[in-house]
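First the structure, in the form of structure tokens, and then the observations on it.
The values are calculated or read from the model by the stated rules, or taken from the named source; none is laboratory data. Note that the coordinates shown come from a computational prediction; the quantities given were computed from them, not determined experimentally. Note that we place each Cβ from the backbone using ideal geometry, even for glycine, and neighbour counts take in every protein chain shown.
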Amino acid sequence: MAEQKKTVPTLKNKKAFFEFNIEKTFEAGIVLQGTEVKSLRAGHASFTDSFAYIHHGEVWLKEFYIKEFDQGSYNNHDTRRERKLLLNRDEIRKIDTALRQKGYTLVPLKVYFKKGKAKVEIGLAKGKKMFDKRASIAEKDVKRETERQIKQHL
């Protein structure tokens, strides 16, 4: 019999792309407890209000929600605890200099597994103005409409 490979969901922060202009992205490892890994593999996480910051030369992810694991018993984790992100020193230095400029923030964009390790893609972002958001909505509508027209003609 052929083995079926389980697909682990990639969790994306769609709201971040709507709220911010992402200028640069970084891939970071994330320090997790055992029950957190199991919940992430099941796709039980949320990016709502999450952000990253630098404290004493380390990058931390705050307000990232990972649901408690159903079979976790007393070993379960705190759902909104701060989690350390693993980046090399040069990347942290680049992020720190950019964050010191006005208007920049560090936002988690997606969580995925790579070679069995949990990874977070974080983006250096600048907030969009209201007219920018309207423009991206209009652009998305035009793209959707053209794809619809192409499907009808095929």
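Free of Cβ contacts under 8 Å to residues at least 40 places away in the same chain, in contact with a strand residue (DSSP E or B) (Cβ under 6 Å, 6 or more places away or on another chain) and at negative phi: does that describe Tyr65? Answer is yes for this residue.
Checking each residue in the stretch 84-121 for being under 17 Å from Gly29 (Cα atoms), part of a strand (DSSP E or B) and touching a helix residue (DSSP H, G or I) at 6+ places or on another chain (Cβ under 8 Å) picks out Leu106, Val107, Pro108, Leu109, Val111, Phe113, Ala118. Within the stretch 92-101, the set of residues being surrounded by 13 or more Cβ atoms within 10 Å (Cβ to Cβ) and more than 16 Å from His56 (Cβ to Cβ) comprises Lys94, Ala98. Of the residues making up the stretch 133-154, those that are of a type in the set (A, V, I, L, M, F, W, C) and assigned to a helix (DSSP H, G or I) are Ala135, Ile137, Ala138, Val142, Ile150. Pairs are defined by a Cβ separation below 8 Å, a sequence spacing of at least 6 or placement on different chains, a first member in the stretch 80-104 that is modelled with pLDDT under 90, and a second member that is of a type in the set (Phe, Trp, Tyr) and part of a loop (DSSP other than H, G, I, E, B); the pairs so defined are Arg80/Phe64; Arg83/Phe64. Take Gly34 and decide whether it is loosely packed, with under 15 Cβ neighbours inside 10 Å, of a type outside the set (A, V, I, L, M, F, W, C) and either over 29 Å from Ile137 (Cα atoms) or at pLDDT below 80 (or both). Here the answer is yes, as Gly34 does meet what is asked. Within the stretch 128-144, track down each residue that is loosely packed, with under 12 Cβ neighbours inside 10 Å and either touching an Asp or Glu at 6+ places or on another chain (Cβ under 7 Å) or among the β-branched types (Val, Ile, Thr) (or both). Once the filter is applied, which keeps residues that are loosely packed, with under 12 Cβ neighbours inside 10 Å and either touching an Asp or Glu at 6+ places or on another chain (Cβ under 7 Å) or among the β-branched types (Val, Ile, Thr) (or both), the stretch 128-144 yields Ile137, Val142.
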